[in-house]
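This report refers to the structure that appears directly beneath it.
A short reminder: the numbers here are calculations on the coordinates, not readings from a lab. Since the model is a prediction, treat every value here as computed from it, not as a measurement. Every residue, glycine as well, gets a Cβ built from its backbone with ideal geometry; the counts of neighbours run over all protein chains shown.
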Amino acid sequence: MTLSHALFAILASVTAISALGVVLSGSIVRAAVWLLFTLLGVSMLYFLLGAEFLGAAQLIVYVGGTLVLVIFGIMLTAQGPFSSLKTRPMEWVVGGALGAVLFALLVNAVRPIPDLQPGGAGTLPGTGPLGMGFLGIANNGAVAYLLPFEIVSVHLLVVLIGAAYLARAKRHQRTEGEA
Amino acid sequence: MPEFWSQILPHPWHLVAIGLIAAGLLFGFIGISTFFAIWAERKVSGRIQDRLGPTRVGPYGLLQSLADGIKLISKEDFAPTDADRFLFRFAPYLAFCASFCGFLALPFGAGLVAVELDVAAFFMLAVLSSEVFGIILAGWASASKWSLFGGLREAAQVVSYEVPRAMCVVVPVCVAGTLSLSEFARQQQGGFWNWFVFHDPFTFAAFFVFFITATASCKRAPFDLAEAESELVAGFLVEYSGIRWSYFFLAEYGSMFAVSGLAVYLFLGGWHSGVLPGEPTDWLGFWAGSFLNLGVFLAKCWMLVLVMIWLRWSLPRLRIDQVMTTCLRYLLPISCVLLIGVSLWQLLVPRSIGFVVSCALAVASVAFTFGVIVSLFRLPTSSPRGSLPGVWAGRSTPLTPR
């Protein structure tokens, strides 16, 4: 029982308990807060493993994303029927079965990996080599992931512009009709 | 430091002891900085509004924050009936934790850092932007429409200002080629013309854009739309009282110091004084050098915090649409241009021209600052009897001899 094991036990149980909180809490804002703690716990696990960049990225992307979720939770459901969630028994059964199957799958996938040791900071590459490898500059023959990455970003941009256009379309037509 | 503790305590416990000491020191630093920053805020606002500010408690009113603190602790810890009790009580701690975690990666000198992270700048950005969670939860959990408006405004503002702020952080990162704040400081040692703010015109502009967005992300006036007492009573703070209310202010002043520290590392030379050559810990020894580094770093941080205070009491509050327009239509395109500009500068401009430009920028800035200070001392501080100062000069008063 080393310090890393103890910290892992604490973090993992906090993450798991808050994940349960997401599922079990009735209020949508509270569920989002529990989700925030789950994602924070995961980022802490990354920090514990020495993957600082990944941990910080988890914080800025997912935790920031949860913020938007909270805002939507407040703005869209504060008055409506969704402000408190009621789960029917059938949904419990289906969701529970799916969760159990996924858990079994993950356990099966993780078991063959020998001896996961946290905190092996000496062998990890820093952010500089990682970024250079990402650009395909670091070592010759490496695959450059920059082009696929950029294509994905442009795709996201297209989706954003499309969403904005769809959201505007109705008002736009009405003003045309009046004119 | 770890070696010293490993002699006293067995293996895992010396790490725990170091962690506890670092956390305690950081908490103490935030507390003491807030103590004096609130005093400075009240004193500066008093002087700007032609008042005296606090004078009664201690010399120059220095212990005013202590008296305020005692008052806040002894107040009733109150929660509205309709509030979500758990989130209402929890939100102040969440806001403070985010602000506190920002300090974990902030170096105070060579080696004086709680956690030496390779990605410290990125980590600080990520953590400091989660402070808004405490605000929006406080706004929602208070079950008051003023609070909810304040929280939602704050969320919109922070989500928008995060983008130009992050892009302005990338500008000096392009110059330095690292995300580690200690490495930033190491690259800017020596004369002040080596500071990244003077590196090229783009980093010079990026410093000011970063400072504006950082002020906005600390929800300081003129961007304090979340509080906006003239329209929202006190925004997300409406239902809070006593010690929980003060935790929000601990978080606010903490993040002021954190973003000032980040600005000091990214643009203003970190712990290097800009006058002394080399690394002070190398030629002064660890303790004396670290003491000097700490003093220089804190002085720079305090300068930026005082500018924030000065801005707060000089500028009127923006409207919410003006806040969003400032960010999305001006600061965001400007920061995009700065990012592209600094990349092209790094690729195309030869080193000799870059050195000349940075020296010219540094000399011009120092001359400008010096000129402003000299002009302040040359202006008459009071006008003769019967005449008015400034733009009112020449108008008659009841005391003007006819």
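So for A:MET132, B:MET124, fewest C-beta neighbours within 10 Å to most, what's the order?
Details: A:MET132 14, B:MET124 27.
Listed from fewest to most nearby Cβ atoms, that is A:MET132, B:MET124.
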Q) What FRET efficiency comes out for the pair B:LEU311/A:LEU147, r = Cβ-Cβ distance, R0 = 51 Å, nearest 0.05? A) 0.70
Q. Sorting B:PHE27, B:PHE202 on the 10 Å Cβ count, fewest up front, what's the list?
A. B:PHE27, B:PHE202
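Return the calculated 222 nm mean residue ellipticity for the protein assembly as shown, to the nearest 500 deg cm²/dmol, obtained by summing -39500 (n - 2.57) across DSSP H runs with n ≥ 4 and dividing by the residue count. Intermediate results must be reported in sequence, preceding the final value.
Numbers: 23 runs with 392 residues, N = 581.
Helices in the protein assembly as shown give a 222 nm mean residue ellipticity of -22500 deg cm²/dmol.
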Q) Non-local amide H neighbours of B:HIS272 (under 5 Å, H modeled in plane, Pro and chain starts lacking H): which ones? A) none
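What are the membrane-span-like helices in chain B by this rule: whole DSSP H runs, Cα extent along the axis at least 30 Å, mean Kyte-Doolittle hydropathy at least 0.0?
Numbers: long enough: B:11-48 (55 Å, 1.06); B:145-176 (46 Å, 0.84); B:242-266 (36 Å, 0.94); B:286-314 (41 Å, 1.39); B:351-378 (40 Å, 1.75).
What comes out of the filter, once short or polar helices are dropped, is B:11-48, B:145-176, B:242-266, B:286-314, B:351-378.
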Q: Decide, for chain B, between rounded, prolate and oblate: order the square roots of the alpha carbon gyration tensor eigenvalues as a ≥ b ≥ c, take rounded if a/c falls under 1.5, and otherwise choose prolate if a/b is larger than b/c, else oblate.
A: rounded
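At a Förster distance of 51 Å, what's the computed FRET efficiency of B:ALA364 paired with A:MET90, Cβ-Cβ distance as r, to 0.05? The partial results should precede the final answer.
Working: r = 73 Å, r/R0 = 1.43.
Rounded to the nearest 0.05, the efficiency is 0.10.
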Q: When a/c is below 1.5 the answer is rounded, else prolate if a/b is larger than b/c, else oblate, so apply that to segment B:39-122 with a ≥ b ≥ c taken from the square roots of the Cα gyration tensor eigenvalues.
A: oblate
Q: Once you have a ≥ b ≥ c as the square roots of the Cα gyration tensor eigenvalues for the protein assembly as shown, tell me rounded if a/c is under 1.5, and otherwise prolate or oblate according to whether a/b is larger than b/c.
A: rounded
Q.
I need the phi-derived Karplus couplings for segment B:385-395: 6.51 cos²θ - 1.76 cosθ + 1.60, θ = phi - 60°, integer Hz, Gly and Pro marked x.
A. 4, x, 9, 10, x, x, 5, 8, 4, x, 6
Q: Can you put B:VAL259, A:VAL14 in order of Cβ neighbours within 10 angstrom, beginning with the fewest?
A: A:VAL14, B:VAL259
